[in-house]
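The values are calculated or read from the model by the stated rules, or taken from the named source; none is laboratory data. Here the structure is a predicted model, which means the values were calculated and not measured. Quick reminder, even Gly has a Cβ in these numbers, built from the backbone with ideal geometry, and neighbours come from all protein chains shown. We work out accessible area using only protein heavy atoms, side chains counted, and drop any ligands, DNA or RNA first. Shrake-Rupley method; radii C 1.70, N 1.55, O 1.52, S 1.80 Å.
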Amino acid sequence: MSIVLVSALPEREPDPQLLLRGYERAALTLNFVRALIDGGFADLHHPEYWDLDFVRHSPLRERYERIVTSISDALDFFESMRGQPVEESDRVDFYASHEGLHLLYEQAQTRYIARQKRWYNLSTHMPWIGMRTAALDGAHVEFFRGIANPMGVKVGPAMDADGCKVWWPH
């Protein structure tokens, strides 16, 4: 059996090499973000140290300082709610999401996790269905029905009230 990918637009010719390059760049980007987080770049413990040089002489300096103050207030609230200092919270949860548009790519990244007894799309934490792929009797919805990942559905101006009721009947 052979699979042929067909595109209606010549400028959108399927190119598997582009998918591979996209995957590689996404992996590089996620690893870079993880390194920044591990290196303390996104350290929320001391926002007052985020004194970036470009802000010092910027017309937006006051706005930046208000944001830093707001973050400090939010951290104080966090500590009050959690009952322990922010310094003891050294974990950052980082998630990725993308539209599950190319089913062959998504299927290639899907694995059965025996200890969970479920199928997971390992290319993302939360795949989502877009407007082009939201047909209830379509292959994309059927694929998503079979995986255990949390799922998103794009709601845009093209979705009417009846479409929303299908996805969110309550």
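Annotations
- In region 56-80, the residues that are open to solvent by 90 Å² or more (accessible area, probe 1.4 Å) and modelled with pLDDT under 80: Arg56, His57
- Selection from region 27-55 of residues that are at pLDDT below 85, open to solvent by less than 60 Å² (accessible area, probe 1.4 Å) and either outside any helix (DSSP H, G or I) or closer than 17 Å to Thr124 by Cβ (or both): Leu30, Val33, Gly40, Ala42, Asp43, His45
- Test: residue in region 107-124 that is open to solvent by 80 Å² or more (accessible area, probe 1.4 Å), touching a helix residue (DSSP H, G or I) at 6+ places or on another chain (Cβ under 9 Å) and closer than 24 Å to Ala27 by Cβ: yes
- Every condition in (1) over 30 Å from Gly152 (Cβ atoms); (2) modelled with pLDDT under 80; (3) surrounded by 10 or more Cβ atoms within 10 Å (Cβ to Cβ) is met by Val92 except one, and the failing one is (1).
- Note on region 101-123: residues that are assigned to a loop (DSSP other than H, G, I, E, B), within 19 Å of the chain's Cα centre (by Cα) and at pLDDT 90 or above total 2.
- Within region 129-147, the residues that satisfy the criterion of being of a type in the set (A, V, I, L, M) and either open to solvent by less than 30 Å² (accessible area, probe 1.4 Å) or part of a helix (DSSP H, G or I) (or both) are Ile129, Met131, Ala134, Ala139, Val141, Ile147.
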